[in-house]
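Each value in this text was obtained by applying a stated rule to the coordinates, not by laboratory testing. Given the structure is predicted, the values throughout are model-derived calculations rather than measurements. Here the Cβ positions follow ideal geometry from the backbone for every residue, glycine too, while neighbour counts run over all protein chains shown.
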């Protein structure tokens, strides 16, 4: 019967054929009819037990999935390609040429255990391991969308307790900015005012700036969406300063114009981790990250009463949950909230300030500001 499949021979190999949801599948069964019959029964068992995957899916490896993601990101020109390639290095090392169908939750837990068991000098944080797992999960999800696989295993994730809490008060930022090289200080001021990521600021060219319209535009960002930043006040002044600083001298002592908004000798501002660390020490805020400026900008906007949706459109946050992680409340915020609450309560008349006199329910005000007369 068609539903039970069949066996046929081609040359020295016995083949099996069977139908699943009206589609015929054919594959090599073995060198003997007995081997082919055994494989056919196994396939039919998978079919009737709703465990059928198919020979094509069984050939797909973890490496194939990771390559497909890299290809997809490359085609779209996504900025996440570099971080993806970094995150999947340990994934490739662990899974090697494992078939995708063999990646189970238990196998993923073994990967986590191996990453956690690294030597002390190469120890990884829970966040780093989660990024690696997320990269692999993204590869599985893409493969399912593309029809390469039909099932995605459950991905266990580690608890992260290392969410950054860093931000700058205005005086701290000004002291740090004063200690930075001029071009780097301007990059920092742009981040402090806009909440944009360093990776979005450093590549800016004058093609991204419309001075007539008073806007800075980027076509893509980390989250894959473009953004427009209106230029007003301090941001507008900053861009005008950079416009005046476009000229630089080449090695041949020839005046040239840099295409980059933030440049040093004509080229985009490069790695400034050392100067940043030294500036933070001078400002007495050692250990602060440049990325803390993004958190600071978000908090400043919320403090100023900017609606959350507007603040998110400026900073480029796509999800409320991530935005809320950046909207950090400091002890000073809490202190101010308590002061406002106390002031509010003090303005409410207490019931004890009203007394009843006489025998007919008459009331007189005996508040502290008066004695009940007149």
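Evaluate the relative contact order of region 62-145 (contact order divided by residue number), counting alpha-carbon pairs under 8 angstrom at least 6 apart; express in whole percent.
43 percent
Could you please rank 243, 206, placing first whichever residue has the fewest other Cβ atoms within 10 Å of its Cβ?
243, 206
Would you mind ranking 210, 72, 292 so that the residue whose beta carbon has the fewest other beta carbons within 10 Å leads the list?
Ranking 210, 72, 292 by Cβ neighbours within 10 Å, fewest first, gives 210, 72, 292.
Going by the alpha-carbon gyration tensor, a ≥ b ≥ c the square roots of its eigenvalues, is region 99-142 rounded (a/c under 1.5) or, if a/c is not under 1.5, prolate (a/b greater than b/c) versus oblate?
oblate
Would you work out if region 210-271 is rounded, prolate or oblate? Take a ≥ b ≥ c from the square roots of the eigenvalues of the alpha-carbon gyration tensor; rounded if a/c is under 1.5, else prolate when a/b is larger than b/c, oblate otherwise.
Cα axes put region 210-271 in the oblate bin.
If neighbour count is taken as other Cβ atoms inside 10 Å, put 275, 194, 268 in order from fewest to most.
275, 268, 194
With a ≥ b ≥ c the root eigenvalues of the C-alpha gyration tensor of region 62-145, is it rounded (a/c under 1.5), prolate (a/b larger than b/c) or oblate?
oblate
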